[in-house]
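Let me begin by presenting the structure, written as structure tokens, before commenting on it.
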Amino acid sequence: QKLVKAKMISPNCLFCHIIRQRSQRHLIYYHIREIKAANPHNREARTYGIRNFFFVLICRNYKGDVDMAEIDHFLPLLMQHEEEGLLCPVLSHGNVHFMWIKHSNLYLVATTNKNSNASLVYSFLYKLVEVFTEYFKELEEESIQDNFVVVYELLDELMDFGFPQTTDSKILQEYITQQGTKLEVAKSKVPTTVTNAVSWRSEGIKYKKNEVFIDVIESINVLVNANGNVMSSDIVGSIKLKTMLSGMPELRLGLNDRVLFALTGRDKGKTVVMEDVKFHQCVRLSRFESDRTISFIPPDGESELMSYRINTHVKPLIWIESVIEKFSHSRVEIMVKAKGQFKKQSVANNVEVRVPVPSDADSPKFKTSTGTAKYVPEKNMVVWTIKSFPGGKEFLMRAHFGLPSVENNELEGKPPITVKFEIPYFTVSGIQVRYMKIIEKSGYQALPWVRYITQSGGTLIRLQYNMTYCFRNVFYLSKGSDVEM
Amino acid sequence: MMCDFLFSLVCTGEIFELKAELNSDKKEKKKEAVKKVIASMTVGKDVSALFPDVVNCMQTDNLELKKLVYLYLMNYAKSQPDMAIMAVNTFVKDCEDPNPLIRALAVRTMGCIRVDKITEYLCEPLRKCLKDEDPYVRKTAAVCVAKLHDINAQLVEDQGFLDTLKDLISDSNPMVVANAVAALSEIAESHPNSNLLDLNPQTINKLLTALNECTEWGQIFILDCLANYTPRDDRESQSICERVTPRLSHANSAVVLSAVKVLMKFMEMLPKDLDYYGTLLKKLAPPLVTLLSAEPELQYVALRNINLIVQRRPEILKHEMKVFFVKYNDPIYVKLEKLDIMIRLASQANIAQVLAELKEYATEVDVDFVRKAVRAIGRCAIKVEQSAERCVSTLLDLIQTKVNYVVQEAIVVIKDIFRKYPNKYESVIATLCENLDSLDEPEARAAMIWIVGEYAERIDNADELLESFLEGFHDESTQVQLQLLTAIVKLFLKKPTETQELVQQVLSLATQDSDNPDLRDRGYIYWRLLSTDPVAAKEVVLAEKPLISEETDLIEPTLLEELICHIGTLASVYHKPPSAFVEGSRGVQHKRLPGSAGSGESVESPDTGSAAGVSEAPPAVIPSQGDLLGDLLNLDLTPPTTTGPPPPASSGMQMGAMDLLGGGLDSLMGTGFGAPPAAMPASFNVPVSGGLDDLFDLGGGVGMPMGVFNPPKTVWLPAMKAKGLEISGTFVRRAGVIQMEMTLTNKAMSVMTDFAIQFNRNSFGLAPAGPLQVLTPLSPNQSIEAALPLSTVGPVMKMEPLNNLQVAVKNNIDVFYFSCQYPISMLFAEDGKMERQVFLATWKDIPNDNESQFQIKDCHLNSDAASNKLQGSNIFTIAKRTVEGQDMLYQSMKLTNGIWVLAELRVQAGNPNYTVSTCATVSALDGLCLAYKFCMTNPEP
């Protein structure tokens, strides 16, 4: 019953159909026009229904040998796999293979009949979402329909004969614009950038005030088991740039990277060991490989310069203890204690503790020492929000739920407790931007601004549901030094 | 609403309205009309009737309108080929437009119009665009060559576009290079034997330079192309690796995976003791781990590939167990893959952690995931002996949960644990028996029945338990029926007095009331065994079972090697070779890791040292030969004649035998023949398999007109060098199929299983056409005949001598290498008879350099007999003349790779020495002399 409802909620789907090698690559958007109450127990009736209710929104055929009608097999196939619990990003029907991703309620599907590079296809599909989103703000049914001419133009420019081409939306916006009339005025020509070695930045950019903003954002992923032991923890950091610089500036970023310090022979101050680093297209990878210098010509505006991963065992900073007692047929009692164990002068903002509750729970009652608790029945959880959580403090939340006397015999999953928060002016790893050198041939002075933020990524604390079960959970958050600017 | 407007178009009246609007004088109105046409095309409505009207709008200076019309053309040109010609002029004109955007647009669209008739008109504009001053046009034109090739390959070759495309690899613009590489790779894929890409150190260097400058997608094209190159030696391999490793830091996961592919492949060539080898191994782990924080679909692709990488080089990720722990919100496909990798990485060092995790997973709600987790616990027990006890107790805990599918899954794996560690955990049987009633899946029922039968002597009420299953015998699945039959026979042999009735009941159920031949046959075998010789029955049915191996689901090594070459692609996601799911790729050669034999032997096996000598010898040593050989091997553009040889009959027979005796009794075969190895002389064993072979011989011999000379078997691999495995063999050609016939003899003390074979690249592209069919375990002192059909479409490399073949044979003990030489005459094709006229012309055309002469001594045949005899070996006599008492025979033969060899045989009456002059279309082939001698002097069949 529930399953069917969920499906009826999602009103439309988009199929984007991209096919590599000797097959067409086309984009197809499907959409449900009306929903008839199809009998969910009758597979045939349902499949029939789907065929009628979905249609291709848009499609682009890049090669000629996969029949366009093949996409009709996709949705029934998807439904079938979903029902069997064997959902898979690659589905095949005969010798046609569907690789798909889902974006909100649209499906983007690439089809092929060759041994295509699957990772390339998925990267491309996500790139597609990114480009469309930057063009139309939202990628949804209406934006595709209202802009189908631009969509076709983009699809042609993004990929040719199954080979992805120019996918940088900023550069694309220079010669494919939403207002067709604009084009004629500019008497459109290809920006040289498209084929340049520097394909991400156009020449002739001008700013009155030359500035670059650097955001260092770290998110921590911690997995804690029911006994309170950290199973795994890592830090995923990213350095984002907002570049407002004129001309073609050469930038060099200095971090307190331990490998670099070891190479240059300096070893004072705190350093950070980055397990793995990933760079934006613009960074000279071979240069980094040889002497760890991060040098690049930045794309204009916002971009993610690099991301890194740090594998460290972190010292506990916030401690969460929870006691959940479930008395069958009558009630559930929940007690959660959160303790901030980071420095007193730091403050965690927008802390959200999400505690799962049984799906058949009712009549919630809460008591909190700070913040507010809310029952979110559609997600089967209690969300406890604390706007500002200073270090060293300890808060408590109690919840009480009623349970129906007739037990729900459906098995339920064991979702973990999750914690979300944000701590500004602070990085867990202690990574620092030591300098940002900006050199442009016109010789202007430019100011770099740096900002540090720590977020929780996927912090998961596993729970166990027994009839009556008390246990303690510990939530760890690592400690970092304050960072001077 | 847009959508309503689209659907309003469905009425046919609309078409006429549109027609009018399209022919309107007002530009704006025209454009709106074309937009409407495209809109209805988008929703799948047929607007092809408007073709001429839309094409009329083509000549416009409005770029947007032009794009729309082009879009329309691409869609409908195929259905209106005659009208599409109308568009040609505009294309030609647009290709000269001052605006590069329009030139590129025209050349891009041109290639998408898949109409044969108009393609030839497009060659000139394309040629111009390939040399365009603007890189944007050139990069588009490069792709257009691939498009055109897809429509009309011949035309592209005739027009010399391929050469222009090759020149573009040296273009100054990185994006042009990338697209040229992509286009060439695409074209090369449909021509597996051509050297289109012609990768040599110079081009490789160019590609590596472009790699630093082109877009992320271009980097993927170049890396994928690099992966097809085979470096000359380990130094070159290392220097390429060094220049590829920076790509591991790219933000795009696809770039990273393609770089991993190149590195995994070239790593094969690096000696293991090299420092750099260790460095490279260390560098590979972090990027692979980072791929797990990508989007779920990319994670899935990465995990499927990590699964392969872990099997090939477990050392890379052995310390990274924790990153594969399952997260609650992972999609199910990611969860299942992570679980798989966790088991592969499980070792004594991390088993405690893994078990704790698995136990956690086993209490989730997702049925498939839970099942797999339970199964994983069993696999850990089998893999890590020290953990077995803990695993068993974990499984017992899970059985206590009474969750139906958990219990069933646990029982299936406990059966395997019993087999791995006999006489250790049988105390849990009582607990298992408690759950007998809840088992409803065939696999679990069969496992339980097996346990009851196997340990019948310890279970007091075993007969009752089995009897209860027997009630619904005919409703059970085959698996359960077979298992029940065997279990009851076991029970009977252990407790004969009380169970006579039961065994009779099951035997009659199996033999009289069942339609299943497997079941019937097994029933009869038991019946006869029991009635004639109960002692023998005991030996057969209750024989020692071979231990089960640790890793049951490893990918077969040859396939694994091929899949490593396809990292990142669909093949690596499916874990299937591309030929298994791509149509029309059967002729495409299977990719192999480079020099896996070559690099192996430098460290491990010195006896194939000669192989390394050849593969590493720079081609400069024999320059002329090398060039000629290059031509020689590329001559063959026609499909090879012997692509799909039928599987040998003997293998079918063996398969049947396996099915019959497989399942619960998989050891029967082994025990039947080899149980008392000392007592039975080895020669006694041979006829059994020999008989099968004889049978096969008969079948193969029917179609043969005359006896082909088959050289006798020689010992290729002495037992001393191969830990007790002796291989002797020979090559034969039967009905157009080259076969490698081998006798494998086990001279060691232990049973050999899991045979597989692989060839190094060789001069004529010989490769196994199927797996080595040794399906039964080879017991000590047993010999087995194996016939391996060969194909000639494998990878090609010149060997010294030409007919040298390096072979690697694997079994459960180790991998062994040996080399052998096949007679060139095996390669003479059946269609080697040349037309007289052609023969004459060819004979004249062949330069003298290609001629060689030799004598065959002591041959007492007259010319006719010799001619007959040679014909049996596919050396055909075209003409004969007699000059001054000398018989001159003119003969032709054709090698499997399409090379013709012409010969003149001079026979002087009374003189036992023959003189043969041969000339081949390319170069003198050594080994021909030998071939002649073989064929002439062979004994009468």
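Taken over region A:331-371, the residue count meeting the criterion of being hydroxyl-bearing (S, T, Y) and either modelled with pLDDT under 85 or surrounded by 19 or more Cβ atoms within 10 Å (Cβ to Cβ) (or both) is 2. Number of residues in region B:110-151 that are of a type in the set (V, I, T) and at pLDDT below 90: the value is 5.
Across region B:35-69, the number of residues qualifying as within 24 Å of A:E70 (Cα to Cα) and not aliphatic (A, V, I, L, M) comes to 6.
Across region A:136-149, the number of residues qualifying as within 15 Å of A:S104 (Cα to Cα) and either small (G, A, S) or within 13 Å of chain B (Cβ to nearest Cβ) (or both) comes to 5.
Candidates are the residues of region A:266-295 that are free of Cβ contacts under 8 Å to residues at least 24 places away in the same chain and within 10 Å of chain B (Cβ to nearest Cβ); the one that is surrounded by the most Cβ atoms within 10 Å (Cβ to Cβ) is A:V283.
Of the candidates B:V310, B:V289, the single residue that is of a type in the set (A, V, I, L, M) and within 7 Å of another protein chain (Cβ to nearest Cβ) is B:V289.
Just one of (1) more than 8 Å from chain B (Cβ to nearest Cβ); (2) closer than 23 Å to A:V66 by Cβ fails for A:T133. It is (2). Residue-level analysis places A:E130 among those that are in the same structural domain as A:T177 (by TED's automatic domain parsing) and surrounded by fewer than 17 Cβ atoms within 10 Å (Cβ to Cβ). Considering the conditions (1) crowded, with 21+ Cβ neighbours inside 10 Å; (2) within 19 Å of B:F828 (Cα to Cα), B:S779 is excluded by exactly one of them, (2).
Of the set (1) touching a Ser or Thr at 6+ places or on another chain (Cβ under 7 Å); (2) closer than 30 Å to A:V347 by Cβ, all apply to A:K278 but (2).
The residue that is modelled with the lowest pLDDT, among those in region B:566-588 that are in contact with a helix residue (DSSP H, G or I) (Cβ under 6 Å, 6 or more places away or on another chain) and assigned to a loop (DSSP other than H, G, I, E, B), is B:R586.
Let's see how each residue does on (1) small (G, A, S); (2) in contact with a strand residue (DSSP E or B) (Cβ under 9 Å, 6 or more places away or on another chain); (3) within 27 Å of A:T454 (Cα to Cα):
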residue	(1), (2), (3)
A:S307	yes, yes, yes
A:N311	no, yes, yes
A:K343	no, yes, yes
A:N349	no, yes, yes
A:P356	no, yes, yes
A:A361	yes, yes, no
A:P364	no, yes, no
A:T372	no, yes, yes
A:V383	no, yes, yes
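Against the conditions (1) within 20 Å of B:N404 (Cβ to Cβ); (2) crowded, with 21+ Cβ neighbours inside 10 Å; (3) within 12 Å of chain A (Cβ to nearest Cβ), B:V354 satisfies every one except (1).
Anything in region A:140-168 that is within 23 Å of the chain's Cα centre (by Cα), modelled with pLDDT of 85 or more and not β-branched (V, I, T)? List them, or say none. Correct list: A:L158, A:P164, A:D168. Scanning region B:162-186 for residues that are more than 30 Å from the chain's Cα centre (by Cα), buried (at least 19 other Cβ atoms within 10 Å of the Cβ) and acidic (D, E) turns up just one, B:D171.
Considering region A:206-261, the qualifying strands (runs of 3 or more DSSP E), each wholly inside and each with 3 or more residues that are under 27 Å from A:I318 (Cβ atoms), run over A:211-224, A:230-244.
Please work out if A:V109 is part of a helix (DSSP H, G or I) and either modelled with pLDDT of 85 or more or not assigned by TED's automatic domain parsing to the domain that holds A:I176 (or both). Answer is no for this residue.
A:Y107 satisfies every condition listed in (1) surrounded by fewer than 17 Cβ atoms within 10 Å (Cβ to Cβ); (2) within 20 Å of the chain's Cα centre (by Cα) except (1). Mind listing whichever residues of region B:281-317 are hydrophobic (A, V, I, L, M, F, W, C) and over 27 Å from the mean Cα position of the chain (by Cα)? B:V289, B:L292, B:A294 - these are the residues of region B:281-317 that are hydrophobic (A, V, I, L, M, F, W, C) and over 27 Å from the mean Cα position of the chain (by Cα). It is to be established whether one or more residues within region B:898-921 are under 36 Å from the mean Cα position of the chain (by Cα), buried (at least 18 other Cβ atoms within 10 Å of the Cβ), among the charged types (D, E, K, R) and at pLDDT 65 or above. No - not one qualifying residue is present in region B:898-921. Out of everything in region A:65-102 that is closer than 25 Å to A:F132 by Cβ and touching a Cys at 6+ places or on another chain (Cβ under 9 Å), what residue ends up being nearest to the other protein chains (Cβ to nearest Cβ)? The extreme case among them is A:I101.
In the set (1) within 27 Å of the chain's Cα centre (by Cα); (2) within 13 Å of another protein chain (Cβ to nearest Cβ); (3) within 23 Å of A:W449 (Cβ to Cβ); (4) modelled with pLDDT of 90 or more, the condition left unmet by A:L241 is number (2).
Screening B:I343 with (1) in contact with a strand residue (DSSP E or B) (Cβ under 9 Å, 6 or more places away or on another chain); (2) away from chain A (no Cβ under 13 Å) gives one miss only, at (1). Inspection of region B:151-161 finds a residue satisfying the criterion of being touching a residue at least 12 places away in the same chain (Cβ under 8 Å), surrounded by 24 or more Cβ atoms within 10 Å (Cβ to Cβ) and in a helix (DSSP H, G or I). Looking only at residues of region B:79-109 that are more than 19 Å from A:D160 (Cα to Cα) and outside any helix (DSSP H, G or I), we find that the one that is modelled with the highest pLDDT is B:E96.
Residues satisfying the criterion are absent from region B:744-755 (criterion: within 19 Å of the chain's Cα centre (by Cα), under 30 Å from B:I548 (Cα atoms), free of Cβ contacts under 8 Å to residues at least 40 places away in the same chain and in a loop (DSSP other than H, G, I, E, B)).
For region A:59-100, which positions are among the β-branched types (V, I, T) and buried (at least 22 other Cβ atoms within 10 Å of the Cβ)? Within region A:59-100, A:V66, A:I71 meet the criteria. When you check A:F124 against the structure, is it without any contact (Cβ under 8 Å) to a residue 24 or more places away in the chain, assigned to a helix (DSSP H, G or I), among the aromatic types (F, W, Y) and more than 7 Å from every other protein chain (Cβ to nearest Cβ), yes or no? Here the answer is no, as A:F124 does not meet what is asked.
The values are calculated or read from the model by the stated rules, or taken from the named source; none is laboratory data. Note that this is a predicted model, so its numbers are computed, not measured. Don't worry about glycine lacking a Cβ; one is built from the backbone with ideal geometry, like all the others, and counts go over all protein chains shown.
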